[in-house]
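Read the structure below first, then the notes.
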Amino acid sequence: MKWEWFDRSLEWVTIIGKGNRMRTLAVPEQVAFELAPHRGRGFVFEGRFGGHVTHATISLWVKQVCEEAGLDPRDVWPHRLRHSFGAEANDETGDLRAVARAMGHARTETTEGYTRTTQAALRKVSDAVARRLG
């Protein structure tokens, strides 16, 4: 991720994903607040020797955060965080298409694999049908 991908106000970031596909996402206010003092040139998260961080470094960071939080680092890895993002975003918004776009999926069927059906969501479905019939 490069600083130049952000707009001037750090409200939006344009991500370049697989196949050089671009998507623009809103930056959460708290993230913008944390990033603002560090804004510069080059990569947002630089590696020890310049350039971007490696997958191994990101995995190490996730492990360290897990340990500090008292979680078993064997239960959490970077891609699992992506799954959690998709599931939480879908639970919160109920908008699978928007979640698919945020995740860079061309098809909502791909995003469905990242989501879960909660008991609360199932209850809403049952209640909606009961209201309709009732």
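The values are calculated or read from the model by the stated rules, or taken from the named source; none is laboratory data. None of these values were measured; they are calculated from a predicted model. Cβ coordinates were reconstructed from backbone atoms using ideal geometry, including for glycine residues, and neighbour counts include every protein chain displayed. The area values use the complete protein model at the heavy-atom level, side chains included, leaving out ligands, DNA and RNA. Shrake-Rupley method; radii C 1.70, N 1.55, O 1.52, S 1.80 Å.
Considering each residue of the stretch 3-59, count those that are of a type in the set (K, R) and either closer than 23 Å to R80 by Cα or touching a Gly at 6+ places or on another chain (Cβ under 7 Å) (or both), and give that number.
Residues that pass the stated criteria total 3.
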Select from the stretch 39-53 the residues that are touching a helix residue (DSSP H, G or I) at 6+ places or on another chain (Cβ under 9 Å) and open to solvent by 70 Å² or more (accessible area, probe 1.4 Å) and write down the one among them that is farthest from V99 (Cα to Cα).
R48
Restricting attention to the stretch 77-89, which residues are closer than 20 Å to M1 by Cβ and free of Cβ contacts under 8 Å to residues at least 12 places away in the same chain?
H79, R80, S84
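Report, by residue number, each residue of the stretch 1-19 that is part of a helix (DSSP H, G or I) and within 17 Å of the chain's Cα centre (by Cα).
W5, K18, listed by residue number.
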Matching residues in the stretch 47-76 (assigned to a helix (DSSP H, G or I) and either among the basic types (K, R) or in contact (Cβ under 8 Å) with a residue 40 or more places away in the chain (or both)) number 2
Among the listed residues A87, A56, A102, identify the single one that is open to solvent by 40 Å² or more (accessible area, probe 1.4 Å) and out of contact with any Asp or Glu (no Cβ under 6 Å at 6 or more places or on another chain).
A56
Selected residue (criterion: nearest to R23 (Cα to Cα)) from residues of the stretch 90-134 that are free of Cβ contacts under 8 Å to residues at least 24 places away in the same chain, assigned to a helix (DSSP H, G or I) and among the basic types (K, R):
R97
Which condition number does M22 fail, the rest of (1) surrounded by fewer than 12 Cβ atoms within 10 Å (Cβ to Cβ); (2) at positive phi; (3) under 18 Å from the mean Cα position of the chain (by Cα) being met?
(2)
Does L10 fit the bill of being under 21 Å from V99 (Cα atoms), at pLDDT 90 or above and not polar (S, T, N, Q)?
yes
Looking only at the stretch 38-73, and only at residues there that are basic (K, R) and modelled with pLDDT under 90, the one that is nearest to W3 (Cα to Cα):
R41
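Filter the stretch 1-19 down to the residues that are open to solvent by less than 60 Å² (accessible area, probe 1.4 Å) and touching a residue at least 12 places away in the same chain (Cβ under 8 Å) and list them by number. It would help to see each step written out before you state the result.
Initially, the stretch 1-19 is screened for residues open to solvent by less than 60 Å² (accessible area, probe 1.4 Å), giving 3, 6-7, 10, 13-15, 17.
Answer for the stretch 1-19, where residues must be open to solvent by less than 60 Å² (accessible area, probe 1.4 Å) and touching a residue at least 12 places away in the same chain (Cβ under 8 Å): W3, F6, L10, V13, I15, G17.
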I need every pair where a residue in the stretch 27-46 that is without any contact (Cβ under 8 Å) to a residue 40 or more places away in the chain and basic (K, R) has its Cβ under 8 Å from the Cβ of a residue that is open to solvent by 100 Å² or more (accessible area, probe 1.4 Å) and not in a loop (DSSP other than H, G, I, E, B), sequence separation at least 6 or different chains.
R41/E4
